[in-house]
1. Can you name every residue in segment 38-90 that is at pLDDT 80 or above, surrounded by 16 or more Cβ atoms within 10 Å (Cβ to Cβ) and not in a helix (DSSP H, G or I)?
2. Does Val137 satisfy the criteria of being in a helix (DSSP H, G or I), under 23 Å from Gly199 (Cα atoms) and at pLDDT 80 or above?
Amino acid sequence: MSTELRRKSIHFSGLILPIIYLWLDKPMILWLVGSLTGVALIVELGKSGSARFRALFFRIFTSMLRTHERRGAITGATYYLISALLCILFFQKALAIVCIFFMVLGDMSAALVGKRWGKTKLIGEKSLEGSGACFVVCTVLSLFFFYLPETGVWKLPQLLTDAQKFHPMVGVVGAFVATVVELLPLRIDDNLTVPLISGAVMQAIIHFGT
């Protein structure tokens, strides 16, 4: 549990980018995340192309990596940056922020609750309790950004006009999709699948529902 908690604490730092995006415009955040993604990809190339660099990387970061990452797979951090970049590039601002929050907090809550209280197994080690936590957290996040602007409670002007276009059920459906995607044993890293698939579904609902 301590190792998983350490990894999720690092995962939690992924909230920095969507929080920064609250106050930045799209070109600026794209430049920032694009630069970070470029650095991450250079590191991945260094791992695969240089034995010395690979040894140095693993000596520093081994305790933070999962088993498949220790074998040379692309790290979750790199997938996170690629996913955040794509969310910001293709989704409306409020929607992109929510999708990145789904990726960070939804996945983290599923893992931590599943490890601690997961008794009812669904698929592999994934549990009903973990999936329930993921759904609740994602639903709360989506309502926070999509519904509160309509009540006048949430006052950030950058999101107000954007988020007012969204019905609260858009977020609930997005939370459900994120939960299902997190649960399924897909071969693609869930840092990519959870935000991009849930975001695409919500974007489609907004587009075709208006």
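1. Ile74, Thr75
2. Criteria met by Val137.
For every residue, the table says whether it meets (1) at pLDDT below 95; (2) closer than 13 Å to Phe101 by Cα.
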{"site": "Gly132", "(1), (2)": "no, no"}
{"site": "Tyr147", "(1), (2)": "yes, no"}
{"site": "Gly152", "(1), (2)": "yes, no"}
{"site": "Leu160", "(1), (2)": "yes, no"}
{"site": "Lys165", "(1), (2)": "yes, no"}
{"site": "Pro168", "(1), (2)": "yes, no"}
{"site": "Ala178", "(1), (2)": "no, yes"}
{"site": "Pro185", "(1), (2)": "yes, no"}
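The values are calculated or read from the model by the stated rules, or taken from the named source; none is laboratory data. Since this is a predicted model, take the numbers as computed values, not measurements. As a convention, Cβ positions derive from the backbone with ideal geometry for all residues, glycine included, and neighbour counts pool all protein chains shown.
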